[in-house]
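To start, the structure under review is shown below, and the notes come after it.
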Amino acid sequence: MEDYQEKLQGVRSLLDQDKAQEAFRALLPVFRYPDMMQQPAGLAEVLAVFAEISAKIAGDGFTSIIHHTLSHIDDPGALYSLGYELIDQGLPAIAATVLAEAHRLAPDNVEILTELCAALERSTLYADACRYLKAAPELVQRSFLCSYLLAFNSLMSGDLKTTRRLLPELQRLQEQDEHFSALSARIIRMLRRADTLSGHTPLDTRDLRGWHMVITSGLLLHVSPHGFDEGMNGRYAFVQDTLELCLEGIERVKAVLEALEITPPRIYALPERSSLILAQATARMLDCPLENWPDGGSDKPGLIVAYDLALLDEDILPTLAQHHPGQMLWNHASCWTEDQPVGGDLTTFLYQVNYEPWGERMGIDQKQQMVMEPADERDPTVIAGEIVAATLEPGILDDLPALIKLTHAAAATTGEAAPGLLCAGGRRKKQWSGSPVPSSRFA
C-alpha cells in the first residue's frame, strides 16, 4: 500500500509541475492490469488523477467520460463505457483494470466479460482471459462469443486440448449470428495447421516459428539469436536493421521458394521508399523482372515485397488483403506488439522498435553521446545495389534446413488452412500481437 501511495504521489507531483505526459507514463504502472487489482479500493482515487491528466492531454470529450464514471463508480454500465473507450484509445491494459471491476460488479453480463477479454487479448494476457471465462461456465455454454473467446485464448495460451474440446460447442452456437461461422472457421484453420505440424515442430513456449504458422499462416524466416535466456524467444525488442539482414531475408525467401519449386514471374514494388529499395534488391537476387504495384492492386502472380506493411499508406493495405493464385506477400519487418490487419505470407523478423538501414538511426557521436543520424537520401537503386553486394556472416544461414523442413510440413495443409504463400484465394490472415511464445517488451 505504501509503494502504491508513493507512486501516486509522484504522479501528482509531475502534474503540479505541468508535466502531464510524464505524469501519464508514471501512472501506467499503477493503473494498468493487473497492478491496480492489488488496490481495488483505490480505483476512484486513481481515476481522479487520470481525469486531471486527461484534461491536459486528451480534451473535454474523453475527460467527461472519466468524470461520469467517477460519479457512478459502482455502476458496471459506466465502467463498461469507460473501458470500451479506453480500448478505442489504444489503452487496453488500463481498460482491463476498469472492465475487471465492472465484471466483479456484474459477473453475469456477457458484454462486459467479452469486452474484458478483448482488453486482455490486446495486452497479450491470454491466460487471464481464459481464467475469467472458465469462471463463467454458464456464459460459455450459452454465448457463442464467450465460447469462441475461450477457444481462441486457450489456443493463444498453447492449450490446444481445450480449443479442440470447445469446437463442437462453437459449431452449435454459431447459429446465433450469421457472422459467427467465420470465427468458427478461424479456429478450425488454426487447429488444422497445428495438427499438420504435430510431430514436425514442438509447438512449445519457445517454438516461435511453429506458432507463427499456426496462428497467422505465415512463415517466419529469421529468429533473433539475441536474448533467448532474457525472455525474448526469437523476437526483437529494439533493432537497427542492416543491409546484411535485408540480404539475409532475400536469401531466405529465395531458399523457401526454391524448396517449394516456385518461380515468381515478377517482383512487385510497392509505392513506398523502403519497399522499393528492398524490391529492387530482391529482383536482382532472384533475377526477376520488377514491376510497380498497380493502383487498386493486381491478381497476377508474383512476389510482392514490403519492407514493413505498417509503413504503407492506408489506401495500399486493402489492395494486399486478398490471396490470388501464385501471388505471395513478403513483409520484411513486422511489429509484434500491435495486431496487424494483414500479415505477410513470409516475414523476416518481428520487432517492437525498428530503425530502417537507410532511415534516421541512433548513433554515438565523438563525445560518446547518443545522437540521431540523418537518413540516407541517395537513390533507391544505389542502396539496393549495396544490399546485393553485402556479405553475410559465416553460419548465418545454418538454420535453413530447419526452416525448409517446417515449410514442407506446413505445405501439407490444403485449402483455406494452407500456408499463406500457397493460398489461391480468400483473405490474408491477421497477424496477432502475441502467441503462446512470450517475449519481454518495453513498457
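Hydrodynamic radius of region 310-439 by the Kirkwood approach over all distinct alpha-carbon pairs: 17.9 Å.
Among Ala409, Ala375, Ala255, the residue with the largest mean-square fluctuation in a Gaussian network model of the chain, with springs joining Cα atoms closer than 10 Å, is Ala375. Taking 1.306 mPa s as the viscosity and 10 °C as the temperature, the Stokes-Einstein diffusion coefficient of the chain based on its alpha-carbon Kirkwood radius rounds to 67 µm²/s.
Both radii come from the Cα set of region 203-422: Rg as radius of gyration, Rh as Kirkwood radius; their ratio Rg/Rh reads 0.95. When every Cα-Cα distance of region 133-198 is counted in 10 angstrom steps from zero, the calculated P(r) takes the values 23, 57, 19, 1 percent. Normalised by 2.2 N^0.38 Å, where N is the number of residues, the alpha-carbon radius of gyration of region 281-355 equals 1.11.
Its Kirkwood hydrodynamic radius, worked out from the mean inverse distance over all distinct Cα pairs, puts region 131-268 at 17.6 Å.
Comparing Thr205, Thr391, Thr124 in a Gaussian network model of the chain where C-alpha atoms under 10 Å apart are linked, the largest mean-square fluctuation is found at Thr391. Taking the chain as a Gaussian network of alpha-carbon nodes connected by springs under 10 Å, the highest mean-square fluctuation of the residues Val382, Val239, Val371 belongs to Val371. Size estimate for region 403-443 follows the Kirkwood approach: the inverse of mean 1/r over distinct Cα pairs works out to 12.6 Å. Put simply, the amide H of Ala269, placed in the peptide plane, has neighbours under 5 Å in Glu291, Asn292, Trp293, leaving out anything fewer than 5 places away on its chain.
As a ratio to 2.2 N^0.38 Å, the alpha-carbon radius of gyration computed for region 195-277 takes the value 1.29.
Compactness of region 188-333 was expressed as the Cα radius of gyration divided by 2.2 N^0.38 Å, which yields 1.10. Note on region 20-174: the C-alpha convex hull projects to 8.9 nm² when averaged across all orientations. Applying both filters, DSSP loop and at most 12 other Cβ atoms within 10 Å, to the GluC sites (Glu not before Pro) of region 333-409 gives Glu360, Glu377. Summarising the amide proton neighbourhood of Gly359: residues at separation of 5 or more, or on other chains, whose placed amide H is nearer than 5 Å comprise Asp376. The fraction of all Cα pairs in region 1-94 landing in successive 5 Å bins from 0 to the largest distance is 2, 14, 25, 28, 20, 9, 1, given as whole percents. Region 63-119: Rg/Rh from Cα coordinates, Kirkwood Rh? In region 63-119, Rg relative to Rh is 0.93. Report the Cα centroid-to-centroid distance between region 75-89 and region 164-195 in angstrom, as an integer. The distance from the Cα centre of region 75-89 to that of region 164-195 comes to 28 Å. When Rg and the Kirkwood Rh are both derived from Cα coordinates, the Rg/Rh ratio for region 27-77 amounts to 0.97.
Excluding the site residues themselves, the longest part of the chain lacking any trypsin sites (Lys or Arg not before Pro) in a DSSP loop with at most 12 other Cβ atoms within 10 Å is 1-366. One Cα centroid belongs to region 347-397, the other to region 3-34; the line between them spans 36 Å.
Where a number appears in this text, it was derived from the coordinates with a stated rule and is not lab data. Predicted model only: the values in this text are computed from it and were never measured. Reconstructed Cβ throughout: ideal geometry from the backbone, glycine too, with neighbour counts over all protein chains shown.
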